[in-house]
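A short write-up of the structure that comes next.
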2 protein chains.
Amino acid sequence: METREKARLARQASFQLATIPAAIRNEAIGKMAALLKAHTNDILAANETDMAAARQEGISDVLIKRLGLNEQKLDDIIASLNDVQRLPDPLGKKSLVRELDDDLLLERISTPIGVIGIIFESRPDALVQISSLCVKSGNAAILKGGSEALHTNRALFACISQALADTDPRFAGSLHMAETREDIAALLALDSDIDLMIPRGSNELVQHIQNNTKIPVMGHADGICHVYIDKDADLEMALRITRDAKCQYPAVCNAVETLLVHADIAARFLPALPQTLADVALRGCARTQQHIACEAATEEDWRTEYNDLVLAIRIVDSLDDAIAHINTFGSHHTDSIVTSDSAAAERFLAGVDSSSVMWNASTRFADGFRYGFGAEVGISTHRIHARGPVGLEGLVTYKYRIVGSGNIVADYASGARAFTHKTRKE
Amino acid sequence: METREKARLARQASFQLATIPAAIRNEAIGKMAALLKAHTNDILAANETDMAAARQEGISDVLIKRLGLNEQKLDDIIASLNDVQRLPDPLGKKSLVRELDDDLLLERISTPIGVIGIIFESRPDALVQISSLCVKSGNAAILKGGSEALHTNRALFACISQALADTDPRFAGSLHMAETREDIAALLALDSDIDLMIPRGSNELVQHIQNNTKIPVMGHADGICHVYIDKDADLEMALRITRDAKCQYPAVCNAVETLLVHADIAARFLPALPQTLADVALRGCARTQQHIACEAATEEDWRTEYNDLVLAIRIVDSLDDAIAHINTFGSHHTDSIVTSDSAAAERFLAGVDSSSVMWNASTRFADGFRYGFGAEVGISTHRIHARGPVGLEGLVTYKYRIVGSGNIVADYASGARAFTHKTRKE
């Protein structure tokens, strides 16, 4: 089936999906879990086909590791379905209830967005996770996984499709898989039938999608995060947070890339750093190099996401300079200040234009599960719709619902009647 | 100054704007009102220049009427500034407060979006209104008005700029005017420095903008709204709502364009329609023509926004057919059902995929002021970010703010500490 036809069917299905009760959506997710379990052998066999091909093509060990499934990993995926099933229903929530008049009630109610396009790389668990989140939130979706995981994705998707078909005919046409590189180009052009694109993968993938579609994109290309050590920082805390933010998991988007140090504390703080970060390659500005031995950093470093055990260091003369550096060179993702001065902290938290701003905490906390969302759709550095770690909320929009008694605007325009605008819930 | 440079300055200014307290933002809006009043003569003289040129160029009476200012109209504009001043502060609102641990607090706080691009036609009041809403919500903005209102807009903008400069130096660079058609193309290309485009004007303007930018667009091109007369409708109410929805102000987006009538009630309802809508040109489907004399409607009519005293009429055999017609041919703006059957109403409200859905009320109620928002930024038929009538809320996003005590992720990953996730406010 052509991608355009899949999107058209998905749009048609989306109207039905919006009316399926939570119990039935959860039932479908439960059946997905059961079918994945029942088809464990088929799935692992399909994965072995992909793995063999990947080894033959000499794909990197990191990618091979991401691609690989075993029974334990599949059980984890199945367990995550049960987690999604238990999350509160994101639909039908009333965010506003207002009497416009005694006999005219306005409500704002959460609804599915409609049709989501998801493009992801290697990890087959993404296919299952995002499918379950779309079903939970009543959205139709078209999923394009990495070509290296094609057989695995097909086996997983067969279970998912079967679960939907076994549960309710209204799910028909709601989830589709796209398989080829040409399908991506087709998806990106379907701005009338796809409401939101979610890319999950490398910076290159996200940037490619952002640059080639008019469909709104939720995601982030770069994660250039900062920790700023203020002049009134607790030194031990500053070292501990810097180490956690850099080393606890350096390959992820919320790891720190540039450390900013106030000039007044540099002589006391910096000398301890090389030992604390013994496994990290340090690159410092000229003033940093007066305190510790390290490679020289250039402006290019301020704009670089290393995703590795490398840290750029810059000495700044003031809190304002730190904020300006972050707003200029950062990716508006996550930035943290370490200080005992609450006034300085408040200025930092207000002045730094990032989706997560932190005081005396590691940037690594910026994550949907750590924030308590129960599931993470992704992290967005866009300012529109959803920002920061995004849970199920990011997959819903709302509609206004008015219940009247034959009310007409002419009566209010003429002054015969007047709006009361009594807000019951906001 | 080049458009690119204006956008760069606006982005720089946006970082400062986010930190200006509400009292100062409101003070600036108050000064706008005072300066507009003090410069009434200059503004009306500038408007006379535009009006004279418009008359000479033979611009239509409708556009000339929109363009024209007088002292009363200007006083209304000034009064609207005072209304905006009195609205609650949209910034700093906490939509989530959650303890991640005893000493680690997460808050989600409303913030400005950043830099807004606004493109509007003829009406000079739009310049003042949108400027005040951007100042109120802490956003920087670049405003492009219609070239036929250039002198008026310049006179108004001079007052607005002066008011900002007189209030606080942190407003510097936050509001800019763009003047030429080339500036529009330049604006649309600045997706790294403009976060949201708001077009206000004709369908052609909105569609042009949607089709020529990667910047998210908030707005609506079409307003193809429906009233569906169910088989269990009160006939008198059905006629009253149909008349209001079509005739109370036919030129606007929330006026009805297509009337759907259940086959079972057609023989009783339709014969009364020509008299109730004596001033309206009716276009009916073949079955409608069996009941009343009217022009024949074609499928093209189902897709047409007349914005005029013209109404398309189609008989449908069921509620489901009505919903399917609306989801297929409508513009997902505002649709209403007239019925005494609550089960039918609930199915309609859930199944119609529009930003406002109504039961026994005129579609004309879909409006920010009638919904009690105090101001209307526009009406959006997009599903992302803001949907339906949009108040000040549409000009804000949020950031996550974490206050810790030196917390590091390694402690939670190792199990030494555990998240508590106690939600205080949601």
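The values are calculated or read from the model by the stated rules, or taken from the named source; none is laboratory data. Given the structure is predicted, the values throughout are model-derived calculations rather than measurements. Cβ coordinates were reconstructed from backbone atoms using ideal geometry, including for glycine residues, and neighbour counts include every protein chain displayed.
Does A:LYS214 satisfy the condition of being within 30 Å of A:LEU319 (Cβ to Cβ) and either free of Cβ contacts under 8 Å to residues at least 12 places away in the same chain or not in a helix (DSSP H, G or I) (or both)? No.
Matching residues to (1) hydrophobic (A, V, I, L, M, F, W, C); (2) touching a residue at least 24 places away in the same chain (Cβ under 8 Å); (3) at the interface with another protein chain (Cβ under 10 Å from one of its Cβ atoms):
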position	(1), (2), (3)
B:PHE369	yes, no, yes
B:GLY388	no, yes, yes
B:LYS399	no, yes, yes
B:VAL403	yes, yes, yes
B:LYS422	no, yes, yes
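Quick one: in the range A:82-96, of everything that is within 30 Å of B:GLY374 (Cα to Cα) and surrounded by fewer than 16 Cβ atoms within 10 Å (Cβ to Cβ), which residue is farthest from the other protein chains (Cβ to nearest Cβ)?
A:LYS94
Every condition in (1) crowded, with 17+ Cβ neighbours inside 10 Å; (2) within 17 Å of B:ARG8 (Cα to Cα) holds for B:ARG170 except the one numbered (1). Selection over the range A:280-317 of residues that are part of a loop (DSSP other than H, G, I, E, B) and without any contact (Cβ under 8 Å) to a residue 24 or more places away in the chain gives a count of 6. Restricting attention to the range A:345-367, the residues being touching a residue at least 60 places away in the same chain (Cβ under 8 Å), surrounded by fewer than 23 Cβ atoms within 10 Å (Cβ to Cβ) and facing chain B (nearest Cβ under 7 Å) number 0. Out of curiosity, is B:ASN307 within 23 Å of A:ILE408 (Cβ to Cβ) and out of contact with any helix residue (DSSP H, G or I) (no Cβ under 8 Å at 6 or more places or on another chain)? Answer is yes for this residue.
Within the range A:258-307, the set of residues being under 22 Å from A:ALA324 (Cα atoms) and charged (D, E, K, R) comprises A:ASP264, A:ARG283, A:ARG287, A:GLU299, A:GLU300, A:ASP301, A:ARG303, A:GLU305.
The criterion of at least 1 residues that are in contact with a helix residue (DSSP H, G or I) (Cβ under 8 Å, 6 or more places away or on another chain) and not polar (S, T, N, Q) is met, among strands (runs of 3 or more DSSP E) falling completely within the range B:318-426, by B:334-338, B:356-361, B:378-380, B:396-407. Within the bounds of the range A:146-158, is there any residue that is at pLDDT 95 or above, closer than 30 Å to A:HIS332 by Cβ and under 21 Å from the mean Cα position of the chain (by Cα)? Checked the range A:146-158: no residue is at pLDDT 95 or above, closer than 30 Å to A:HIS332 by Cβ and under 21 Å from the mean Cα position of the chain (by Cα). In the range B:371-381, the qualifying residues are those that are buried (at least 24 other Cβ atoms within 10 Å of the Cβ) and touching a residue at least 60 places away in the same chain (Cβ under 8 Å), and the one that is nearest to the other protein chains (Cβ to nearest Cβ) is B:ILE379. Does B:LEU91 satisfy the criteria of being touching a strand residue (DSSP E or B) at 6+ places or on another chain (Cβ under 7 Å), in a loop (DSSP other than H, G, I, E, B) and under 30 Å from B:GLY138 (Cβ atoms)? Yes: the conditions hold for B:LEU91. Considering only residues in the range A:142-167 that are over 28 Å from A:THR19 (Cα atoms) and of a type in the set (Ser, Thr, Tyr), the one that is surrounded by the fewest Cβ atoms within 10 Å (Cβ to Cβ) turns out to be A:SER147. Just so you know, in the range A:405-420 the residues that are more than 7 Å from every other protein chain (Cβ to nearest Cβ) and polar (S, T, N, Q) include one that is farthest from A:ARG86 (Cα to Cα), and it is A:SER414. The helices (runs of 4 or more DSSP H) falling completely within the range A:1-73 that include 1 or more residues that are modelled with pLDDT under 95 map to A:3-17, A:40-56, A:61-67.
None of B:ALA7, B:ALA53 is buried (at least 16 other Cβ atoms within 10 Å of the Cβ), of a type in the set (A, V, I, L, M, F, W, C) and in contact (Cβ under 8 Å) with a residue 60 or more places away in the chain except B:ALA7. In this structure, is B:ALA185 out of contact with any Leu (no Cβ under 9 Å at 6 or more places or on another chain), among the hydrophobic types (A, V, I, L, M, F, W, C) and within 14 Å of another protein chain (Cβ to nearest Cβ)? Against the criterion (out of contact with any Leu (no Cβ under 9 Å at 6 or more places or on another chain), among the hydrophobic types (A, V, I, L, M, F, W, C) and within 14 Å of another protein chain (Cβ to nearest Cβ)), B:ALA185 does not qualify.
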